[in-house]
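> Following this message is one structure expressed as structure tokens.
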Amino acid sequence: MNMAYNLLKGKKGIIFGALNEMSIAWKVAEKAHEEGAIFTLTNTPVALRLGNLNELAKKTNSVIIPADATNIKDIENVVKKSMEVLGGNIDFVLHSIGMSPNVRKGIPYDHTNYDNFLKTLDISALSFHKILQVCHELDAINEWGSVVALSYVAAQRTLFRYNDMADAKALLESIARSFGYTYGVEKKVRINTVSQSPTYTTAGSGVAGIDSLIDFTERMSPLGNASAEECANYIITLFSDLTKKVTMQNLYHDGGFSSMGMSEKAMQQYDKSFNEQK
Ligand SMILES: NC(=O)c1ccc[n+]([C@@H]2O[C@H](COP(=O)([O-])OP(=O)(O)OC[C@H]3O[C@@H](n4cnc5c(N)ncnc54)[C@H](O)[C@@H]3O)[C@@H](O)[C@H]2O)c1
């Protein structure tokens, strides 16, 4: 169903992290296009080869600018080129980037490889700071512009096997607050993180035990898990002028999971395992 309200009419943006049609960033791009925004798309050269970003670019009339989000020069190029292509300053930026070599290689948290750990932090958290710092230095974002990064509840609560990504998300959320202060004072730019339910995407499927995690949070959340598309809808409101005074927040988009301790559905499932043991 197409429910466009022109919420982003005339707005210009940069969307980091669309890989394929499952990606949260992909859904955000589709919705932003429906809501009247124009934007550029960016991802790593490897992701551009592996995924099908061309399809999204065609569908949304967007230009693709390759960049490794850990590389300042690449980010500068994306931001400058985006302003050229879009014809002016930026109103919204989406950071939808995450990767842990430790998770990918199945290295447990208490046997971590520190080179990998640093890469996790650089790709999944410092890249957010780098994007913000480049935008700030180039004065690329309009007043009341909105920047959103994707987070996960593992930043607050330990979820078995989420590994060093939990630390990366804690840092990511802290950067949103720290940069949200200075950028807010100076330019009224708002910066938030959206903490999304576990979702079947390429990154999501890399998380060890994702099936159990998705089943658990589905049972625990009064509204059930939030889909990538629902997440995109929420992010559109944060890019819109309807949320101008929301900044420095970590906003849960998780069907209520983060406020739950135990639910009836989860208890029923748990009881079953006791019955089997008897
Ligand atoms: N899927 C979930 O369960 C879930 C839940 C909460 C939060 N998130 C977060 O949502 C965000 C998007 O993930 P997704 O689930 O849509 O999966 P995804 O795999 O579609 O997206 C991850 C993206 O990060 C990009 N990326 C990796 N290294 C990069 C680099 N060096 N420079 C630039 N881009 C790089 C990948 O190319 C990919 O496009 C991530 O931050 C993820 O942690 C995901």
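The values are calculated or read from the model by the stated rules, or taken from the named source; none is laboratory data. Given the structure is predicted, the values throughout are model-derived calculations rather than measurements. We place every Cβ from the backbone using ideal geometry, glycine too, and count neighbours over all the protein chains shown. For accessibility, only protein heavy atoms count, side chains too; no ligands or nucleic acids. Shrake-Rupley method; radii C 1.70, N 1.55, O 1.52, S 1.80 Å.
> For ILE64, are the conditions met, namely being within 14 Å of GLY17 (Cα to Cα), among the aliphatic types (A, V, I, L, M) and in contact with a strand residue (DSSP E or B) (Cβ under 7 Å, 6 or more places away or on another chain)?
Values: within 14 Å of GLY17 (Cα to Cα): yes; among the aliphatic types (A, V, I, L, M): yes; in contact with a strand residue (DSSP E or B) (Cβ under 7 Å, 6 or more places away or on another chain): yes.
Yes; evaluated as a whole, the condition is true for this residue.
> Now a separate question. Against the conditions (1) within 12 Å of the ligand (Cβ to nearest atom); (2) under 27 Å from TYR5 (Cβ atoms); (3) out of contact with any Pro (no Cβ under 8 Å at 6 or more places or on another chain); (4) of a type in the set (Ser, Thr, Tyr), where does SER100 fall short? Just the number, please.
It is condition (2) that SER100 fails.
> A follow-up question, please. Modelled with pLDDT of 95 or more, open to solvent by 10 Å² or more (accessible area, probe 1.4 Å), more than 16 Å from the chain's Cα centre (by Cα) and more than 11 Å from the ligand (Cβ to nearest atom): is that true of PHE216 in this structure? Reasoning before the result, please.
Working: modelled with pLDDT of 95 or more: yes; open to solvent by 10 Å² or more (accessible area, probe 1.4 Å): yes; more than 16 Å from the chain's Cα centre (by Cα): yes; more than 11 Å from the ligand (Cβ to nearest atom): yes.
Against the criterion (modelled with pLDDT of 95 or more, open to solvent by 10 Å² or more (accessible area, probe 1.4 Å), more than 16 Å from the chain's Cα centre (by Cα) and more than 11 Å from the ligand (Cβ to nearest atom)), PHE216 qualifies.
> Name the one entry in LEU223, LEU242 that is more than 12 Å from the ligand (Cβ to nearest atom), over 22 Å from MET22 (Cβ atoms) and modelled with pLDDT of 95 or more. Please lay out each step first, then the result.
Values: LEU223 fails: over 22 Å from MET22 (Cβ atoms).
Residue meeting the stated conditions: LEU242.
> In addition: Out of LEU138, LEU126, I need the residue that is within 28 Å of VAL246 (Cα to Cα) and either within 16 Å of the ligand (Cβ to nearest atom) or out of contact with any helix residue (DSSP H, G or I) (no Cβ under 6 Å at 6 or more places or on another chain) (or both). Which one? So that I can check it myself, show each step before the final result.
Numbers: LEU138 fails: either within 16 Å of the ligand (Cβ to nearest atom) or out of contact with any helix residue (DSSP H, G or I) (no Cβ under 6 Å at 6 or more places or on another chain) (or both).
Residue meeting the stated conditions: LEU126.
> Which of the residues that make up the stretch 105-118 are assigned to a helix (DSSP H, G or I) and in contact (Cβ under 8 Å) with a residue 24 or more places away in the chain?
Taking the stretch 105-118 first, the residues assigned to a helix (DSSP H, G or I) are 109-111, 114-118.
TYR109, ASN116, PHE117, listed by residue number.
Here is a yes/no grid of residues against (1) part of a helix (DSSP H, G or I); (2) under 22 Å from TYR109 (Cβ atoms); (3) modelled with pLDDT under 95; (4) under 16 Å from the mean Cα position of the chain (by Cα):
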position	(1), (2), (3), (4)
LYS130	yes, no, no, yes
GLN133	yes, no, no, no
ASN142	no, no, no, no
VAL147	no, no, no, yes
LEU150	no, yes, no, yes
ARG161	no, yes, yes, no
THR182	yes, no, no, no
VAL207	no, yes, yes, yes
ASP211	yes, yes, yes, no
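> One residue is enough: does the stretch 240-252 have a residue meeting the conditions part of a loop (DSSP other than H, G, I, E, B), open to solvent by 90 Å² or more (accessible area, probe 1.4 Å), of a type in the set (Lys, Arg) and at negative phi?
yes
> Here is a follow-up. Just name the residue that is nearest to the ligand (Cβ to nearest atom) out of those in the stretch 32-66 that are β-branched (Val, Ile, Thr) and open to solvent by less than 30 Å² (accessible area, probe 1.4 Å).
We begin by selecting, within the stretch 32-66, every residue β-branched (Val, Ile, Thr); these are 38, 40, 42, 44, 46, 60, 63-65.
Narrowing the set further to residues that are open to solvent by less than 30 Å² (accessible area, probe 1.4 Å) leaves 40, 42, 60, 65.
Working: THR40: 14, THR42: 7, THR60: 16, ILE65: 11 Å.
Looking at the filtered set, the residue picked out is THR42.
> If you take the residues of the stretch 4-31 that are more than 7 Å from the ligand (Cβ to nearest atom), assigned to a strand (DSSP E or B) and not β-branched (Val, Ile, Thr), which of them is most open to solvent (accessible area, probe 1.4 Å)?
Only one residue tops the list, namely LYS12.
> Count, please, the residues in the stretch 254-278 that happen to be open to solvent by 30 Å² or more (accessible area, probe 1.4 Å) and either closer than 24 Å to LYS12 by Cβ or of a type in the set (Phe, Trp, Tyr) (or both).
Matching residues across the stretch 254-278 total 2.
> Please name all residue pairs, on different chains or six or more residues apart, with Cβ atoms under 6 Å, provided the first residue is in the stretch 30-47 and is at pLDDT 95 or above and the second residue is near the ligand (Cβ under 7 Å from one of its atoms).
Qualifying pairs under 6 Å: LEU41/ALA18; THR42/PHE16; THR42/ALA67; THR44/ASP68; ALA47/LEU19.
> Then there is this: Whether any residue in the stretch 66-73 is outside any loop (DSSP other than H, G, I, E, B) and touching a residue at least 12 places away in the same chain (Cβ under 8 Å) is what I want to check. Quick ask: steps written out before the conclusion?
Looking only at the stretch 66-73, we keep the residues that are outside any loop (DSSP other than H, G, I, E, B), and these are 72-73.
Then keep just the ones that are touching a residue at least 12 places away in the same chain (Cβ under 8 Å); that gives 72.
Yes, the stretch 66-73 has at least one match.
> Tell me, yes or no, whether the stretch 87-100 has at least one residue that is at pLDDT 95 or above and either touching a His at 6+ places or on another chain (Cβ under 9 Å) or assigned to a helix (DSSP H, G or I) (or both).
Our first condition is that a residue be at pLDDT 95 or above; within the stretch 87-100, this holds for 87-100.
Now restrict to residues that are either touching a His at 6+ places or on another chain (Cβ under 9 Å) or assigned to a helix (DSSP H, G or I) (or both): none.
Looking for residues that are at pLDDT 95 or above and either touching a His at 6+ places or on another chain (Cβ under 9 Å) or assigned to a helix (DSSP H, G or I) (or both), one finds none in the stretch 87-100, hence no.
> Then there's this: I'd like to verify a number: residues in the stretch 201-237 that are in contact with a helix residue (DSSP H, G or I) (Cβ under 8 Å, 6 or more places away or on another chain) and at positive phi, how many?
Going through the stretch 201-237 one residue at a time, the tally reaches 1.
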